[in-house]
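Where a number appears in this text, it was derived from the coordinates with a stated rule and is not lab data. None of these values were measured; they are calculated from a predicted model. As a convention, Cβ positions derive from the backbone with ideal geometry for all residues, glycine included, and neighbour counts pool all protein chains shown.
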Amino acid sequence: MPKLLIKGGRVIDPASGMDAVRDVLIDGGDISIIEKNINSDGAKVIDAKGKWVVPGLVDIHVHLREPGYEYKETIETGTRSAAAGGFTSVACMANTNPVNDCASVTEYIRNTAKSRGVVNVFPIGAVTRGLKGESLADIAEMADAGVVALSDDGHCVMNPSMLRAALEYAGMFGLPVIEHAEDIHLKQNGVMNEGLVSTELGLTGNPRTAEDAIVARDVLLAEYTGGHIHFAHVSTAGSVEIIRQAKARGIKITAEAAPHHFTLTDEAVRKYDTNAKMAPPLREKSDVDAIKQGLADGSIDCIATDHAPHGIAEKDVEFDNALFGIVGLETALSLSLNLVHEEVLTPMRLVETMALNPAKVIGVKRGTLEPGAVADVTIIDPSAEWTVDPSLFESKGRNTPFAGWKMKGRAVVTIVKGKVVYELED
């Protein structure tokens with residue numbers, strides 16, 4: 001493998017605290033040297049002047065759909081989408097068909113990723129068999145096969161005894177349990193946030209309390225068991241405050257926010273655009289502001305996309321009948337960079353939430369540029385202007401509410417284990 005020399009970029013590495021213009025030499029798939037004015041004969045040179053050089057971005061909440069739903073996405077197309085978005089690692093959820101609730105499915109995903117994927121793929125196993133919430137999945141054998149977390153994402157683990165058992169069992173293998181916090185009895189048939197907009201549109205609402213109640217319950221279970229709960233796609237101000245208080249008490253809690261939840265409000269639903277239908281739903285401005293504050297103060301650890309591709313026939317229907325979810329891998333970085341442009345986050349904090357912290361949550365050795373680390377690197381042009389055109393996505397999914405949006409900032413080069421897997425065309 002030839003050497004790579006990244007010249008003159010602003011190196012931002014939260015693990016080491018570095019934020020300075022430096023050269024980065026990659027040799028043998030690892031970070032070799034980070035210094036000023038490196039000379040390396042025979043190395044391929046990448047000019048990063050005016051750009052950021054950061055640890056490869058890590059997305060711990062992605063739906064790759066394979067096996068079973070390849071018409072929506074495949075491991076190949078999903079990882080190409082990730083690379084185009086600047087992500088060098090993704091963790092994929094278990095709601096495939098068959099469900100990833102046993103070692104054989106885990107191994108299929110890992111083997112397919114090795115043969116056809118272009119970024120690192122870390123499987124997430126189910127908490128319960130078939131995501132049904134009735135009995136625990138084969139956690140031990142999945143742990144041996146390489147899952148990095150457990151989640152019934154798309155479904156809340158409604159039975160608290162089941163969740164308690166999962167936390168205790170997962171703790172034996174050092175695995176976090178990722179919770180989709182929505183009380184199905186409170187949510188009922190809600191298709192958007194319960195509030196003024198849902199009332200005016202005549203759509204059934206999903207109240208904030210459906211999320212807040214589960215977050216509060218799970219905090220107590222995490223405290224009791226000593227297990228690690230990670231809250232997916234936090235969407236309410238109430239959840240942010242509960243998590244903030246739990247962390248202050250030393251409970252083992254982590255959390256993520258999705259770019260759509262800190263960018264859009266339920267006003268986006270006014271045109272009955274099914275690309276604005278997601279679970280949990282878009283909330284109100286006070287919730288958006290709370291999520292931004294939570295990211296800034298550390299209450300929310302990570303930014304994750306909840307990339308959820310669907311076929312056109314599943315979205316181009318009446319709002320009530322459309323499936324939940326949007327694609328996010330190719331717009332997440334730009335939307336998150338808005339938090340830097342708005343001075344909500346520093347560049348260092350942004351990289352922490354998109355690389356270092358996600359890697360820590362799932363316990364993988366990624367998210368740093370320290371010498372000796374695996375050379376997963378993302379080069380970002382923070383001032384690049386572009387317009388979102390879903391027809392150009394690497395993903396099979398086109399279900400985005402951001403079509404036509406003018407964006408500022410994007411990934412221009414993505415490097416995985418020392419190999420360039422994506423380079424933006426001029």
Checklist outcome for this item: Of all C-alpha pairs within the chain, those more than 34 angstrom apart amount in percent to 26
Item to check | Amide H within-cut-off set for Met407, under 5 Å, with H built and near neighbours excluded | outcome: Trp386, Thr387, Val388
Checklist outcome for this item: A correct Karplus calculation of ³J(HN,Hα) over region 188-193, with 6.51 cos²θ - 1.76 cosθ + 1.60, θ = phi - 60°, whole Hz and x for Gly and Pro, returns 6, 9, x, 10, 7, 4
Checklist entry - By how many nm would the segment from Asn39 to Glu423 grow when fully extended, if each residue of separation counts as 0.36 nm and the alpha-carbon distance is taken off? => result 135.9 nm
Item to check | region 225-231 - phi-based ³J(HN,Hα) in whole Hz, Karplus 6.51/-1.76/1.60, Gly and Pro as x | outcome: 8, x, x, 9, 9, 10, 8
Next on the checklist: Tell me whether region 1-146 comes out rounded, prolate or oblate; compute the Cα gyration tensor, take square roots of the eigenvalues as a ≥ b ≥ c, and use a/c under 1.5 as the rounded threshold.
Outcome noted: prolate
Item to check | Pairwise label distance in nanometres, Gln245 with Glu168, each label 7 Å out on the Cα-Cβ vector | outcome: 2.7
Checklist entry - Can you give the calculated 222 nm mean residue ellipticity of the chain, where each DSSP H run of n ≥ 4 adds -39,500 (n - 2.57) and the sum is split over every residue, rounded to the nearest 500 deg cm²/dmol? => result -8000 deg cm²/dmol
Next on the checklist: Need one number: nm distance between label points at Ala384 and Val21, each 7 Å from Cα along Cα→Cβ, rounded to one decimal.
Outcome noted: 2.1
Checklist outcome for this item: region 183-237 and region 130-160 have their Cα centres apart by a whole-number Å value of 20
Checklist outcome for this item: In order over region 4-19: 3J(HN,Hα) from phi, Karplus 6.51/-1.76/1.60, θ = phi - 60°, whole Hz, x for each Gly or Pro, gives 10, 10, 8, 9, x, x, 7, 7, 10, 9, x, 4, 9, x, 7, 8
Next on the checklist: To make sure I understand the rule: partners must be aspartates and glutamates, Cα under 14 Å from the Cα of Lys315, and not fewer than 8 residues away in the same chain. Which ones qualify?
Outcome noted: Asp273
Checklist outcome for this item: Subtracting the Cα-Cα distance of Asp320 and Ala403 from 0.36 nm times their residue separation yields 27.7 nm
Checklist outcome for this item: Cα-Cα longer than 30 Å, checked against Lys277/Lys365; Lys132/Lys277; Lys187/Lys292; Lys247/Lys396; Lys187/Lys408; Lys36/Lys247, kept in input order, equals Lys277/Lys365; Lys247/Lys396; Lys187/Lys408; Lys36/Lys247
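With the contact rule set at Cα under 8 Å and sequence spacing of 6 or more, what percent relative contact order holds for the chain?
20
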Checklist outcome for this item: Under the 7 Å Cα-to-Cβ spin-label approximation, Lys49 and Arg270 lie apart by a distance in nanometres of 4.7
